[in-house]
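Peer 1: Dumping the structure here so I can ask a few things about it.
The values are calculated or read from the model by the stated rules, or taken from the named source; none is laboratory data. Not measured: the values here are computed from a predicted model. Cβ atoms come from the backbone with ideal geometry, glycine included; neighbour counts cover every protein chain shown.
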Amino acid sequence: MNGGEIIAQLLKKHGVEYMFTLCGGHISPIFVGAKNCGIQVIDTRHEANAVFAADATARLTGKIGVAAVTAGPGVTNTITAIKNAQMAQSPVLLLGGAAATVLKGRGSLQDIEQLSVMQSITKWCVSVKKVKDFVPVINKAISIALEGTPGPVFVECPIDLLYEESLVKEWYLAGNKKDASLSDKAIYWYLNRHVQAVFDGVKSIDIRADIVPAQKATHNSSHIKSIKKAIEKSEKPLILIGSGSLNNAQHAESLAASVNKMGIPVYLSGMARGLLGRHNLLQKRHNRKQALKQADLIILAGVPCDFRLDYGRHLSKKATFISIKGNKIDLFKNKSPDIAVHANPALFLNEVADKIDKKNKWKEWIDSLDISDNEKEINIAEQATEKTNLINPIELFRTLDNLLPENTTLVADGGDFVATASYTLKPRHPLSWLDPGVFGTLGVGGGFALGAKLCNAKDEVWIIYGDGSSAFSIAEIDTMVRHKLPAIILIGNDASWSQIARDQLDILKDDVATVLAYSNYEKIGEAFGAKGKTVKTLEEFVKAVKEAQQSVKEGIPYVINALIGKSDFRKGSISM
């Protein structure tokens, strides 16, 4: 049994169902072993997308997501995706190939110092020294990735630990030993000893998956009493629930039930979008800043006080501020809470909900928020009717929202176009909205869609791309076709990096580096075996949506290249 097979069998015992990779000789035994033991291997067209796909499966299942990449540039190609997983608190195991143990630092192919590169963007990184160490090291890596605040881990797997001992000996000890010089014989002796040490104990390996402890609540009864008292005293309470409350997917349904039980109006962001479905009366969608200024109690559950809340300045100074975070660093970021709870937000709110006696006391407050919400909806509807030279993007999304089935997963990858979607599209169910998170990474679309389709096989998976962001991962249409993981790809094409261009033109009076072309993106899809079309009117768009929905039922991805008009809907939205 080679090292790759040992890794694969261990991952199988940990319940891993999918491995994402881009092939490389350094790591071939890992993904071959994975296939042979029943793990579905999805080979992507870029290493970053392999990690994004693993990230998506982790978010949607609460289990470890796994990617395997080759040494050197294979590993460095994942840096942005791994950093994104770190900031999004996703448990991802990255297996990276490496030079043979005896050749480290001697100039072998793709040999670089990988641990120093990965150290600052992972919870833990390690290089395996002996074949027998794969089991304890990977068990530890998975445990670290999942415990506490989840995050990515990196395990470096040298090539000579992954192949059979007999083959490794051939590599190391090739040559005519009979006629070897004394110095060569000394080298042969050393290499033979090294191989023996590397493979020592292989026959006695026990491939056993350690039990990963379930996440437990870390709060105490005083926290519950304090927050119960604050809630029941409040006349205008507000909860903001973000991705940090959903990084353990198994708690999503119970969290939704708890929010409904408490009866407090709520704003959802990031991975929490869709938590309450699309028709819940407690959820408010618009004028959040105004609501935060009016509230007398604000609970941030898995939401940091970062740029999205103007570093805490959106929160009323008169309000009681409660912060509930699994990540201790985020707990006090930029604004000190009146009550700080270092705990998993979902588990904590589940317990709080059982203690609250709401008695419908917030009806007047909720009604006022509804009026504000409705006023914004009317304003958006008016903007949707404004004539543009091509399709009005607001009207496009308002139309699309009525065409999406309940079993829909939305993958958001872009700037201006995607932000417009966030105002108008209503995610259908918990864990049905995937966006990069606080890092604001472009390029997640292809990988996220692959992971989403594997986890939510019955869902209609949509990628909402800006024309700029689409180029980062559009080649994954090839992966969708080959592995029968079809998605509908909607590209908002205004031939511009609009989120940057709008303010750049206004402030600097120059559009340099922001201009694109009205490219035929659907042709790229067709080249990979997908279907698609360009649409210039709303009528053409509606027809294309229906064609796309039929196409994915037949297992074929579909690209809608929607030519959209310029809009000032998000003017002044640039963030710092």
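Peer 1: Could you tell me whether ILE138 is under 35 Å from the mean Cα position of the chain (by Cα), assigned to a strand (DSSP E or B) and not aromatic (Phe, Trp, Tyr)? Walk me through how you get there before you give the answer.
Peer 2: Numbers: under 35 Å from the mean Cα position of the chain (by Cα): yes; assigned to a strand (DSSP E or B): no; not aromatic (Phe, Trp, Tyr): yes.
Here the answer is no, as ILE138 does not meet what is asked.
Peer 1: Another one. Tell me whether the range 484-499 contains one or more residues that are crowded, with 22+ Cβ neighbours inside 10 Å, in the same structural domain as ALA513 (by TED's automatic domain parsing), assigned to a helix (DSSP H, G or I) and among the acidic types (Asp, Glu).
Peer 2: No.
Peer 1: Moving to a separate point now. Can LEU238 be described as modelled with pLDDT of 95 or more and part of a strand (DSSP E or B)?
Peer 2: On the way: modelled with pLDDT of 95 or more: yes; part of a strand (DSSP E or B): yes.
In short, yes.
Peer 1: Scanning the range 143-201 for residues that are assigned to a loop (DSSP other than H, G, I, E, B) and polar (S, T, N, Q), which turns out nearest to the chain's Cα centre (by Cα)?
Peer 2: Within the range 143-201, the first condition is being assigned to a loop (DSSP other than H, G, I, E, B), and the residues that meet it are 147-152, 162-164, 174-181, 199-201.
Cutting the leftovers down to polar (S, T, N, Q) gives us 149, 176, 181.
Working: THR149: 15, ASN176: 53, SER181: 57 Å.
If we take residues in the range 143-201 being assigned to a loop (DSSP other than H, G, I, E, B) and polar (S, T, N, Q), then THR149 is nearest to the chain's Cα centre (by Cα).
Peer 1: Between a residue in the range 178-194 that is in the same structural domain as LYS130 (by TED's automatic domain parsing) and any residue that is surrounded by 13 or more Cβ atoms within 10 Å (Cβ to Cβ) and hydroxyl-bearing (Ser, Thr, Tyr), which pairs come within a Cβ distance under 8 Å, given they are 6 or more apart or on different chains?
Peer 2: Listed pairs, sorted by first residue: ALA180/TYR188; LEU191/TYR172; ASN192/TYR172; HIS194/THR101; HIS194/TYR172.
Peer 1: Out of the residues in the range 97-128 that are of a type in the set (Lys, Arg) and either surrounded by fewer than 18 Cβ atoms within 10 Å (Cβ to Cβ) or out of contact with any strand residue (DSSP E or B) (no Cβ under 7 Å at 6 or more places or on another chain) (or both), state the one that is modelled with the lowest pLDDT. Lay out the reasoning, then the answer.
Peer 2: So in the range 97-128, the residues of a type in the set (Lys, Arg) come out as 104, 106, 123.
Okay, now just the ones that are also either surrounded by fewer than 18 Cβ atoms within 10 Å (Cβ to Cβ) or out of contact with any strand residue (DSSP E or B) (no Cβ under 7 Å at 6 or more places or on another chain) (or both), so 104, 106.
Values: LYS104: 80, ARG106: 75.
Restricting to residues being of a type in the set (Lys, Arg) and either surrounded by fewer than 18 Cβ atoms within 10 Å (Cβ to Cβ) or out of contact with any strand residue (DSSP E or B) (no Cβ under 7 Å at 6 or more places or on another chain) (or both), the top hit is ARG106.
Peer 1: Looking at the range 150-173, which of the residues that are surrounded by fewer than 24 Cβ atoms within 10 Å (Cβ to Cβ) and aromatic (Phe, Trp, Tyr) is modelled with the highest pLDDT?
Peer 2: Ranking the qualifying residues of the range 150-173, first place goes to TYR163.
Peer 1: Also, quick follow-up: If you scan the range 30-87, which residues turn out to be buried (at least 24 other Cβ atoms within 10 Å of the Cβ), of a type in the set (A, V, I, L, M) and over 23 Å from GLY15 (Cβ atoms)?
Peer 2: Across the range 30-87, the qualifying residues are ALA48, ALA71, VAL75.
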